[in-house]
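Here's the structure, in structure tokens; my notes come after.
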Amino acid sequence: MPVLENPTVRRRVLGANLRRLREDRGLFLEDAAEQLSCHAAKVSRIESGRSGIRQLDLRVLLDFYGVKDRQVREGWLALARESRRRRWWRELEDQLPQDFLDLIGLEDEVAGCRGFQPSVIPGLFQTEAYATAVIQGGSAGPPDEGQRTKVRVRLERQKALTRRQPELLNVWMVLGEAALRQRIGGLGVLREQLLHLADLAQLPNVTLQVLPFSAGACKGGMLPFSLYNFPAPTDLEVVLLESFTSHAYLDGPEDTAHYSSVFDHVRAAALSALDSEALIVSSADELARD
């Protein structure tokens, strides 16, 4: 029996937005299927992300849905082309959990990420030594093969911050002050990590803020989350909630609106980017004196 490839995030997004285009015009699956001279089940598979779509079929649907603007149409066609491209992490499908592969795919597909991480430096910003300490979870001895693979993938993910194709990933992250203080990996590892954070804050596509202990309670509680937004022509956002054993993805309008409001509250309560950088550097200096 052939193994079905898990649909890429971009393909799911493409399908979801095609469904929205159709529904906004009051059309049914059967209407779109008639235009493509196929069964409605095929259109359903495209809209759910289980099947890709050919450029010719996409052009037919865009015509049918009244999408005439040349730039907007090219955005749709580019989205379809990217959704069919095989990604670098697919070779690791038998080594990593599917939830983790979905996260990698998400970061590779989106244009921007906003988030709050109260107690640990986010994976996109971790040094190799810090990432190794996090992945080992305090266990002694050298990392095993599986842990080394996770570290390698985590470092590969970080290329999204400096990539040229597709566009740079814009990241706005609020860190809890606890993330600067928890001595993961020891004094030297944490100090190196903090200095690396200060360097990343200089990138034009990275905004870092720190929520100080003095800020007190915040809307939504001290729980980590990330909000990812996709490039044009979509306006879709996805909320990522991480736990010890899995990842949950929420794309309902109520969920994205709620977490967007929580993020706005947290960033407003946090130090400015400039003051946050000063706190990061001073925290690294304190470690050097310990």
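Based only on other Cβ atoms within 10 Å, what is the fewest-to-most ordering of Phe125, Phe116?
Phe125, Phe116
Report the calculated FRET efficiency for His258 and Ala111 (r = Cβ-Cβ distance, R0 = 22 Å), to the nearest 0.05. Provide the component values of the computation, followed by the final result.
On the way: r = 21 Å, r/R0 = 0.96.
With a Förster radius of 22 Å, E is 0.55.
Quote the Stokes-Einstein diffusion coefficient, in whole µm² s⁻¹, for the range 94-289, based on the Kirkwood radius over alpha carbon pairs, a temperature of 25 °C and a viscosity of 0.890 mPa s. Spell out each step's value before the answer.
Working: Rh = 17.4 Å.
Using the Kirkwood radius from Cα pairs, D works out to 141 µm²/s.
At a Förster radius of 30 Å, what calculated FRET efficiency corresponds to the Cβ-Cβ distance of Arg289 and Ala78, to the nearest 0.05?
0.05
Would you calculate the separation in nanometres between label points at Asp63 and Ser119, each defined as 7 Å from the Cα along the Cα-to-beta-carbon direction?
With each label point 7 Å from Cα toward Cβ, the separation is 5.7 nm.
If amide hydrogens are placed 1.01 Å from N in the peptide plane, which non-local residues have theirs closer than 5 Å to the one on Asn170?
The list, which skips near neighbours in sequence, is Gly112, Cys113.
Fully extended, how many nm does the chain gain between Phe213 and Arg164 (0.36 nm per residue separation, minus their Cα-Cα distance)?
13.9 nm
What ranking do Lys219, Lys150, Lys68 get, fewest neighbouring Cβ atoms within 10 angstrom at the top?
The order, fewest Cβ neighbours first, is Lys68, Lys219, Lys150.
Rounded to whole Å, give me the distance from the Cα center of the range 186-265 to that of the range 14-69.
One Cα centre to the other: 34 Å.
Check cross-link reach from Lys159 to the lysines: straight Cα distance under 17 Å, and skip same-chain residues fewer than eight apart.
Lys150
Quick one: order His247, His196 by neighbouring beta-carbon count within 10 Å, fewest to most.
His247, His196
Only the coordinates and a few stated rules stand behind these numbers; no lab work does. Nothing here was measured: the structure is a model prediction, and the numbers come from that model. Note that we place each Cβ from the backbone using ideal geometry, even for glycine, and neighbour counts take in every protein chain shown.
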